[in-house]
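In what follows, a single structure is set out as structure tokens and then discussed.
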Amino acid sequence: MELNLWLIAPEIALCGLIFLVMAVDLIFLRSSRKGWLGLLSAAGLCVILALLAGLKEMRGSLLGGFLADPLAFDFKLIFLVAAGLCSLASVDFAGRHLRWPGEFFSLLLFSTLGFMIMVSAGDLILLYLGLELGTISLYALSAMQKDRPRSGEAGLKYLIMGAVSSAVFLYGASLIYGSLGTTVFAEMQPLENAGPALVVGGVMVLAAFAFKITAVPFHMWAPDVYQGAPTPITGFLSVASKAAGFGALIRLFMGPLFSLQGNWFAILMVLSGLSMVAGNLLALPQSNIKRMLAYSGIAQAGYLLIALCALTEKGMTSAVFFLFQYLFVNLGAFIVVTLVGSSVGNDEIRSYAGLSRRNPLLALCLLLFLLSLGGIPPLSGFWGKLFLFWAGIDQNLYFLVLIGVLASVLSLYYYLMVARQMYIEDPPETTPLPVSLPASIALIICALAVILLGYPKPWIALAQAAAKSLGLPQ
Amino acid sequence: MNIVIPHPLSIIVLSPLLAALIIMLLPRQRFFAIRFTGFLGTLPTVLTSLYIYLNYDRARGGMQFVEGFPWLKQMGISYSLGVDGISIPLVMLTAVVIFTGVFASWTITYRPKEFYCLLLLLVSGVFGVFVSNNLFFFFLFYELAVLPMYLLIGIWGTGAKEYSAMKLTLYLLAGSAFMLVGLLALYFYSGLETFDLEALTRAGYNVGIQRIAFFLFYIGFGILAGIWPLHTWSPDGHASAPTAVSMLHAGVLMKLGAYGVLRVGVGILPEGLKFWAPLVAVIAVINIVYGAYVAMGQRDLKYVIAYSSVSHMGVVMLGCAAFNAIAVNGAVFQMVSHGLMTALFFALVGLVYEKAHTRDILAMGGFARRMPGIALCFTIGGLASFGLPGTSGFVAEFMVFLGTFRAHPEKLLGRVPLFMLLAIASAVAIVITATYVLRLLQRVFHGPLDEHHYADLPDARTTEWVAITVNAALLLILGLLPRLLTDLIGISVGQFIR
């Protein structure tokens, strides 16, 4: 077995960046407001992104357990961009609201590293390691805003629910190992008429991932954690953790466990339908924008599961594309929430009254993101949803698609309610809302991406490459 | 005519969009610059639509001025524009209404910058729908035309504006959800992997698919066209909206729905129409009769006009359902005629409200003495509304009823000559229309004037004249010379109904 370290070069570079950030943090021990560390980590992430892009054609596996393939590439792209935008958006936030910015940024990078390993894993053990590294860092990050009791509450809730899901995953993985005698995906050869242990194992692993992607009924933690965690972290969490869950789900269930579909297909459909309905209905009465976005994220996970239910190459293409655009849309929305929240002091939707006159840029960007989440053409979210529904109809999943279409009309109500506050209501005070430069750069990148993904061709090609590598039916 | 305008259709679609972008960059205090840019953005659409009207090759017929480029080739989505005899009159109508609408909103002083931006954005969408040759872009433009309405009504509206805005938006977006499903169904069952309208017209769907798809599109577009019982967003929305938006929405946007039914429903799915024609026609007549009755019962001037729109859109849908050359021709003519008429009405109501500060019919009276110009234009619109010969309304309704009378001669259940009965019923309904229009004219403009209340009630001034005179004049011209449009429409309708 040849040891080609280029396969893992982005991860090694990310490790280096983490140590660099920690070292710089320690060198400037005296200065207390070190938000600018975010610039450092964002710059480092750009370099790693370039490195990853340079190694795009790298294919293969390292010692059988670590895979570099188009699927892993696409998801790493998502994580790195999410971490970079999140660092940029947190520069001002970390300097103002956090006591330990150095730890904040290095934990963020640790989490990114964990998720990158998770989607590259070709082995159950490594998958678990990546999962834990990714989420344990997030537990700490969620609890980081020590002056807000809600932050601690969020951290604890996340920890407990996360630990439960990890335990479920481990138990399921051990059952899979017991039935098949291996933890390496490539060596797994489950038969059609698998024993009950394997089926139970597979379903438990599915349940563990359902926690990560916040599918109903495994979504309970999401609103509280989203609300309590520092807002930039909520943004990262809502995008990266969800994408990682989907990445692993695709890797495992469209790969080695594909032939067991008779046992988990129905579960996936139920998860999808429930998430769309419950997510949208529960989002309607929310008065806190972070909770509202949490429920909207649950609904979006439901839409995404339609594509997984299609069990085809087309379905996976649309799922990966949806995650590409979801990255910018959702993270962008949370960046706006961060900026407004740190000026206004709370995250209530009525605090957005008259935002269009206090800061037109913020209001316009948030409007774009919300319309995109609602699936209004020609924004990226429309294409994302269109491809999902397309893939669904292609496989005769009419019922799920119908729920999806009707649910998205419903969702426009609560998205427009925010638009109403921003554009129609009069502001309580007319003082302009200040926005820091790095955060507005991140915001503008997101907004441009949401518009430019209206021309989805190049991204479709990327997503298609990933889907092709799975070897599913067309 | 030796002038050649390159890419006329792109100019029509993009010039309002460009003007919206420029306005976005203007400082917010420069009221005049903002309005003037709005005017400059709509002027090319009027001139260019006149150009395509004059240069359309009538001997050749079919789609002309075709242009475009592929957008997503592997999925058959392309930006592709073209017009035929059915869309040209509607493009011209839109151009006239927005041009006059810009003048009708000249007096808006509350956040004019955003107002004009959204208005022009919306108009771009409307033009886009009328000239799109690709169903997918048709859908994109349709959404562009619907969404700005939420803010336009929510911010600049009157009365229960937030309720109306939300209701309107959710109704129309629910409609577009139906359309999207229908769109995907057409795409998948054609097996052609394209959204091109002409290709889909020749796709030859089997009867079952046509019936299901037609129903989806009928609901989807029908909501926008104000079909009963899904029309309730329209009176609320139109009554709450600011003047120019009501003009545009009732005058043009509702036509998008009817145009969609005609283009997609009738053009691509004729078997579906044949199956559903009795339902479509019955609902259309309910629209005509019910709309007229409800209009009669209103006290708010704007609600009267809004319900009369519901009633008149029924005539359009009846023409589509009858599905023969003369009825469809009449339906398209009615779209134009009603568009001009409603735009005129809403402009007038806006003026009356601005000057008298009330929309309650019972509180008005004798206004003709103070505002003779407005009264005259209102009378012209009113006469067109119940189809007096010499106005465009007569031509349109006559053609539709004539066509309907002859349509689908096979009898329902073997004995009921349904379409004949429907034609008679809707012709009788004109009496109701005449009643409420004449009563309205009498109440508002004649009778005793409350001298104390309305001591200094001015007539229309400067820019205000533009909207009302242009629309009123066009109503008369089309009434006296209907061939200006019917010949053109007839060419395409003839090719349409094979």
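The values are calculated or read from the model by the stated rules, or taken from the named source; none is laboratory data. Remember, it's a predicted structure, so these values are computed and weren't measured experimentally. Glycine also receives a Cβ, built like all others from the backbone with ideal geometry; neighbour counts cover every protein chain displayed.
For the stretch B:108-127, the set of residues classified as touching a Phe, Trp or Tyr at 6+ places or on another chain (Cβ under 9 Å), away from every other protein chain (no Cβ under 11 Å) and within 18 Å of B:V97 (Cα to Cα) consists of B:I108, B:F115, B:S124, B:V126, B:F127, listed by residue number.
Among the listed residues B:F99, B:F136, identify the single one that is more than 11 Å from chain A (Cβ to nearest Cβ) and either modelled with pLDDT of 85 or more or on the phi > 0 side of the Ramachandran plot (or both). So that I can check it myself, show each step before the final result.
Values: B:F136 fails: more than 11 Å from chain A (Cβ to nearest Cβ).
Sole residue among the options that is more than 11 Å from chain A (Cβ to nearest Cβ) and either modelled with pLDDT of 85 or more or on the phi > 0 side of the Ramachandran plot (or both): B:F99.
With the condition kept exactly as written, say whether any residue in the stretch B:154-170 is part of a helix (DSSP H, G or I), away from every other protein chain (no Cβ under 14 Å) and closer than 19 Å to A:L416 by Cβ. Spell out the reasoning first.
Here is the first cut: in the stretch B:154-170, the residues part of a helix (DSSP H, G or I) are B:154-156, B:161-170.
Checking which are away from every other protein chain (no Cβ under 14 Å) leaves us with none.
No, the stretch B:154-170 contains no residue that is part of a helix (DSSP H, G or I), away from every other protein chain (no Cβ under 14 Å) and closer than 19 Å to A:L416 by Cβ.
May I ask you to verify whether A:L49 is in contact with a Leu (Cβ under 6 Å, 6 or more places away or on another chain) and without any contact (Cβ under 8 Å) to a residue 40 or more places away in the chain?
Working: in contact with a Leu (Cβ under 6 Å, 6 or more places away or on another chain): yes; without any contact (Cβ under 8 Å) to a residue 40 or more places away in the chain: yes.
Considered against the rule, which asks whether it is in contact with a Leu (Cβ under 6 Å, 6 or more places away or on another chain) and without any contact (Cβ under 8 Å) to a residue 40 or more places away in the chain, A:L49 comes out as yes.
Checked against (1) within 23 Å of B:P229 (Cβ to Cβ); (2) touching a Phe, Trp or Tyr at 6+ places or on another chain (Cβ under 6 Å), B:M149 meets all criteria but (2).
Within the stretch A:417-443, if we keep just the residues that are part of a helix (DSSP H, G or I) and without any contact (Cβ under 8 Å) to a residue 24 or more places away in the chain, the residue that is nearest to A:L40 (Cα to Cα) turns out to be A:L437. When B:A95 is tested against the conditions (1) buried (at least 23 other Cβ atoms within 10 Å of the Cβ); (2) free of Cβ contacts under 8 Å to residues at least 12 places away in the same chain, the lone failure is (2). Taken residue by residue, the stretch B:221-239 has at least one member that is without any contact (Cβ under 8 Å) to a residue 60 or more places away in the chain, of a type outside the set (V, I, T) and assigned to a loop (DSSP other than H, G, I, E, B). Does A:F324 satisfy being in a helix (DSSP H, G or I), within 27 Å of A:K457 (Cβ to Cβ), in contact with a Leu (Cβ under 8 Å, 6 or more places away or on another chain) and among the aromatic types (F, W, Y)? So A:F324 fits the description; yes. Among the residues of the stretch A:437-463, those identified as out of contact with any Gly (no Cβ under 7 Å at 6 or more places or on another chain), among the small types (G, A, S) and at pLDDT 85 or above are A:A439, A:S440, A:A442, A:A449, A:A461, A:A463.
For the condition in a helix (DSSP H, G or I) and either polar (S, T, N, Q) or surrounded by fewer than 24 Cβ atoms within 10 Å (Cβ to Cβ) (or both), what is the one hit in B:S80, B:S49? Step through it out loud before you land on a result.
On the way: B:S80 fails: in a helix (DSSP H, G or I).
Selected residue: B:S49, the only one of B:S80, B:S49 that is in a helix (DSSP H, G or I) and either polar (S, T, N, Q) or surrounded by fewer than 24 Cβ atoms within 10 Å (Cβ to Cβ) (or both).
Considering only the stretch A:103-118, I want to know if a residue exists there that is more than 24 Å from A:I445 (Cα to Cα) and surrounded by fewer than 21 Cβ atoms within 10 Å (Cβ to Cβ).
Pass one, the stretch A:103-118, residues more than 24 Å from A:I445 (Cα to Cα): A:103, A:114, A:117-118.
Of the ones still in play, those that are also surrounded by fewer than 21 Cβ atoms within 10 Å (Cβ to Cβ) are A:103.
Checking the stretch A:103-118: at least one residue is more than 24 Å from A:I445 (Cα to Cα) and surrounded by fewer than 21 Cβ atoms within 10 Å (Cβ to Cβ).
Filter the stretch A:401-416 for residues that are more than 8 Å from chain B (Cβ to nearest Cβ) and hydrophobic (A, V, I, L, M, F, W, C) and give the result.
Matches in the stretch A:401-416: A:I403, A:A407, A:L410.
Determine which member of the set B:L197, B:L216, B:L192 is in contact (Cβ under 8 Å) with a residue 12 or more places away in the chain and in contact with a strand residue (DSSP E or B) (Cβ under 8 Å, 6 or more places away or on another chain). Of B:L197, B:L216, B:L192, the one residue that is in contact (Cβ under 8 Å) with a residue 12 or more places away in the chain and in contact with a strand residue (DSSP E or B) (Cβ under 8 Å, 6 or more places away or on another chain) is B:L197.
A:S436 passes every criterion in (1) within 14 Å of chain B (Cβ to nearest Cβ); (2) surrounded by fewer than 21 Cβ atoms within 10 Å (Cβ to Cβ); (3) more than 30 Å from A:K56 (Cβ to Cβ) apart from (1). Could you check the stretch A:53-76 and list, in sequence order, the residues that are outside any loop (DSSP other than H, G, I, E, B), surrounded by fewer than 21 Cβ atoms within 10 Å (Cβ to Cβ) and in contact (Cβ under 8 Å) with a residue 60 or more places away in the chain? If the condition is that a residue be outside any loop (DSSP other than H, G, I, E, B), surrounded by fewer than 21 Cβ atoms within 10 Å (Cβ to Cβ) and in contact (Cβ under 8 Å) with a residue 60 or more places away in the chain, then A:S61, A:F66, A:P70 are the ones that fit. Within the stretch B:221-249, the set of residues being of a type in the set (S, T, N, Q) and either closer than 15 Å to B:Y163 by Cα or within 12 Å of the chain's Cα centre (by Cα) (or both) comprises B:T232, B:S234, B:S240, B:S246. Screening A:S372, A:S356, A:S408 for residues that are more than 30 Å from A:I250 (Cα to Cα) and touching a helix residue (DSSP H, G or I) at 6+ places or on another chain (Cβ under 9 Å) leaves exactly one candidate, A:S356. Scanning the stretch A:256-282 for residues that are surrounded by fewer than 24 Cβ atoms within 10 Å (Cβ to Cβ) and either under 21 Å from the mean Cα position of the chain (by Cα) or among the charged types (D, E, K, R) (or both) gives A:L268, A:M269, A:G273, A:L274, A:V277, A:A278, A:L282. All conditions but one from (1) away from chain B (no Cβ under 12 Å); (2) touching a residue at least 24 places away in the same chain (Cβ under 8 Å); (3) surrounded by fewer than 24 Cβ atoms within 10 Å (Cβ to Cβ); (4) more than 27 Å from B:F138 (Cα to Cα) apply to A:L339; the one that does not is (3).
Listed here are the residues, each with its yes/no results for (1) within 21 Å of B:S105 (Cβ to Cβ); (2) modelled with pLDDT of 85 or more; (3) part of a helix (DSSP H, G or I).
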position	(1), (2), (3)
B:P16	yes, yes, yes
B:A20	yes, yes, yes
B:R28	yes, no, no
B:I34	yes, no, yes
B:R58	no, no, no
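The residues of the stretch A:361-400 that are within 11 Å of chain B (Cβ to nearest Cβ), aliphatic (A, V, I, L, M) and closer than 14 Å to A:L416 by Cβ, listed by number, are A:A363, A:L367, A:L371, A:I376.
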